[in-house]
Amino acid sequence: MSGHLSGTAALWVLVLGSLLGLELIGKVPPTLHTPLMSGANAISGITLLAALALIGQAPTPGLKLIGAVALGFALFNVVGGFLVTDRMLAMFRRREAN
Amino acid sequence: MVELSIELGSVLLLAFGLKGLAKIRTARSANGLAALALGLAVVGLLLQQGLGGWPWMLLGLGIGGGLGAVLALRVAMTSMPETVALFNGCGGMSSLLVAIGAVQLPTPLNLVGQVSVLVSVLVGSITFSGSLVAMGKLQEWLGTPGWTLRPQRHVVNILMAVACLACCVLVLKGMAVALIPLTVLSLLLGVGLTLPVGGADMPVVISLLNSYSGVAAAAAGFVVGSELLIVAGAMVGAAGLILTQVMCTAMNRSLTSVLFGGALGAGTSEASEAGGREEYTNVTSCSPEECALTLEAAERVIFVPGYGLAVAQAQHSLKELARLLEQHGIEVRYAIHPVAGRMPGHMNVLLAEADVPYDQLVEMDDINPDFPRTDVVIVLGANDVVNPRAKSDPSSPLYGMPVLEVDQARSVFVVKRSLGSGYAGIRNDLFELPQTSMVFGDAKQVLQSLLQELRSLGVGKVPAGAGSTR
């Protein structure tokens, strides 16, 4: 839709992004499994960008509504996900300080 | 140019954020970094496309963001796994809706765009319905119905998958209507794949679905032509896969057996239910008083907390008991099995909430050699992770799972509500060992009466300083 992206370039982006993801997480202490999953989950709510783009380009109110609902779901995931992860991690932090 | 640098900046921040989340020291700031990256990405996008349709954006922001914040701040730490599942499902739903919206835009999609819409719908739906089923199972709203475990389920799932593919072909041939059956079928497929998985394996499934939601996000990125979305989605998808693998290793389960093997021990559950009660013959039970007397004379004590402790909300009582014993000069530690609780790392979070000092939590491999020189082990609401059968009985479904070797300790007290089987539904030989005594009751009540008994024995009235010398 924004059109500045050719199909092949996008595939390169996909492959390199996946490789990056594989490399970023190697060893994870079991303590962090739950917070890491929760944090990664919040990041996957980045579909909110697509929802925003949809709202921006939608010609009809009906389509804008679909975009708004999609945005709502994505933000529920993002805001909730980051906050809940922070709540979990805050506990580890406090004890380290003691 | 500004937009581009903002986009690049947020990709970098995301990558550093994800990396930092895997280390204890940096995890919290990394989480903030990732949140900042998402915020930046939104700013970049809005600079690019303008604020057209802002009332709709505010609507989504207010309702979705607001509800998410309220839930995140209110939810109890014990229900963390199901909360993550719910959030994840909503991410999948968002990708699904974006794809459905994108096909209705006046600008026609090219082939890559069309395929991406299909992937987005398929994966988004599976993520959504699968995550909701996972949440229902963790909340114990849903069980594992017997009929879902019949081998025929594979046939049904495969048929549904084939039908999904057929719908995809139809859409590519120009029949956009086929998106409707595709959505319905892939939602059902998500249910069909998740429903037979046993509760104990649910964390792995959630982690895998989390990876899927990354894939769905990347597909949505193709649909709207956003490199940032593709990179971020691919990163989360790949990282989620690695995390799933790490979790499988910790639980000694292979991904295929989690996904296609059905509930752990489910095949034998009928037999054990029938003969379950008379199977335990040599169980000794004791009162909190007797337990307190043994504790008072001990030098080294290890607590083994499990999900039952969390359910009884007894973390704080446990912390109190531990402090009392320490004041009495007793060495206290907590043995943490990698999958204690209902999700790897869940128990650490719960004990952290009760302010248990970090250095007293010891991972399984580090504490196992110490059990033989431990006077008292108290198992609180844990079952399968202390089952010696995992080492001795090759026919047991638990066989090969690393367990805490509490049977090596001099005396073991198991605090449990009844002799019911564990989460995996498997008999526990530990309960019948001569050094084991069962203390029946709710974990919190038992801990409270232990505290009372110990105080009446004079424990904790030792002059201050006695506990801090070690």
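For B:34-42, what's the mean count of beta carbons from other chains sitting within 10 Å of each residue's beta carbon?
Mean inter-chain Cβ contacts per residue within 10 Å come to 5.
Taking GluC sites (Glu not before Pro) as exposed when DSSP calls them loop (any state but H, G, I, E, B) and at most 11 other Cβ atoms lie within 10 Å, what is the longest stretch of chain B free of them, the sites themselves excluded?
B:300-470
For a quick check of your reading of the filter: which trypsin sites (Lys or Arg not before Pro) in the stretch B:305-377 sit in a DSSP loop and have no more than 12 other Cβ atoms within 10 Å?
Here no loop site has a sparse enough neighbourhood.
Quick one: if the Förster radius is 51 Å, what FRET efficiency do B:Glu289 and B:Ser395 give, using the C-beta to C-beta distance and rounding to 0.05?
0.85
Consider just the alpha-carbon atoms of the stretch B:273-456 and return their Rg together with their Dmax, both in angstrom.
When restricted to the Cα atoms of the stretch B:273-456, Rg and Dmax are 15.2, 47 Å.
Once you put a point 7 Å from the Cα of B:Val169 and another 7 Å from the Cα of B:Phe440, both along the Cβ direction, what distance in nm separates them?
Each label point lies 7 Å from its Cα, and together they span 6.2 nm.
On a straight-distance basis, which aspartates and glutamates could pair with B:Lys444 in a cross-link, Cα separation under 13 angstrom, same-chain partners fewer than 8 positions away excluded?
B:Glu320
Suppose every Lys and Arg Cβ carries +1 and every Asp and Glu Cβ carries -1, with no other charges. What dipole size does the protein assembly as shown come out with about its Cα centre, to the nearest 20 debye?
Its charge dipole is roughly 1020 debye.
List the lysines whose Cα lies under 21 Å from the Cα of A:Lys27, skipping any in the same chain that are fewer than 8 positions away.
Of all the lysines, those that pass the test against A:Lys27 - Cα under 21 Å, at least 8 places apart if same chain - are B:Lys19, B:Lys23.
Residues with amide H under 5 Å of B:Gly198's amide H, sequence separation 5 or more or different chain, H placed in the peptide plane at 1.01 Å from N; which?
So B:Gly198 has HN proximity to B:Ala263, B:Leu264.
Give the order of B:Asp355, B:Asp429 when sorted by the count of other beta carbons within 10 angstrom, beginning with the fewest.
Result, fewest neighbours first: B:Asp355, B:Asp429.
Under the √(5λ) rule applied to the eigenvalues of the Cα gyration tensor, what semi-axes describe the equivalent ellipsoid of the stretch B:274-341? Give them in Å, descending.
25, 18, 11
Checking the a/c ratio against 1.5 first, then a/b against b/c, what shape does the Cα gyration tensor give for the stretch B:75-122?
Note, shape of the stretch B:75-122 comes out prolate.
What are the ³J(HN,Hα) couplings of the stretch B:300-312, residue after residue, when phi is run through the Karplus curve with 6.51, -1.76, 1.60 and θ = phi - 60°? Round to Hz, x for glycine and proline.
10, 10, 10, 9, 10, x, x, 4, x, 5, 5, 4, 7
Which three lengths, in whole Å and largest first, does chain B cover when its Cα atoms are put on their principal axes?
That works out to 80, 52, 33 Å along the principal axes.
Give me the log10 of I(q) over I(0) for the protein assembly as shown at q = 0.07, 0.09, 0.11 Å⁻¹, as the Debye formula computes it from C-alpha points; what are the numbers?
Once normalised to I(0) and log-transformed, intensities are -0.44, -0.70, -0.96.
For the stretch B:76-264, give the magnitude of the charge dipole about the Cα centre (Cβ charges: +1 Lys/Arg, -1 Asp/Glu; no others), in debye to the nearest 20.
With only Lys, Arg, Asp and Glu charged at Cβ, the dipole is about 340 debye.
Can you work out the Karplus-derived ³J(HN,Hα) for every residue in the stretch B:32-49? Use 6.51 cos²θ - 1.76 cosθ + 1.60 with θ = phi - 60°, whole Hz, and x for glycine or proline.
x, 4, 5, 5, 4, 4, 5, x, 4, 4, 5, 4, x, 5, 5, 4, 6, 9
For the stretch A:28-97, what is the convex hull volume of the alpha-carbon atoms per residue, in Å³?
72 Å³
5 Å is the cut-off here: which amide hydrogens, built 1.01 Å from N in the peptide plane, fall below it relative to B:Ser285, excluding neighbours closer than 5 in sequence?
B:Met438
Would you pull out the residues with amide H under 5 Å of B:Phe303's amide H, same chain only if 5 or more places away, H placed 1.01 Å from N?
B:Arg333, B:Tyr334, B:Ala335, B:Ile378
Taking the Cα atoms of the stretch B:1-74, what is the range of coordinates along each of the three principal axes, in descending order and whole Å?
Between the extreme Cα coordinates on each principal axis of the stretch B:1-74 lie 41, 40, 10 Å.
Which listed residue (A:Leu19, A:Leu52, A:Val79) has the Cα farthest towards the positive end of the charge dipole for chain A, taking +1 on Lys and Arg C-beta and -1 on Asp and Glu C-beta about the Cα centre?
Among A:Leu19, A:Leu52, A:Val79, the one farthest towards the positive end of the dipole of chain A is A:Val79.
Every read-out reported here was derived from the displayed coordinates using simple, explicitly stated rules and does not represent laboratory data. What you see is a predicted model; the values in this text were computed from it and never measured. Positions of Cβ are generated from backbone atoms using ideal geometry, with glycine treated the same way; all protein chains shown enter the neighbour counts.
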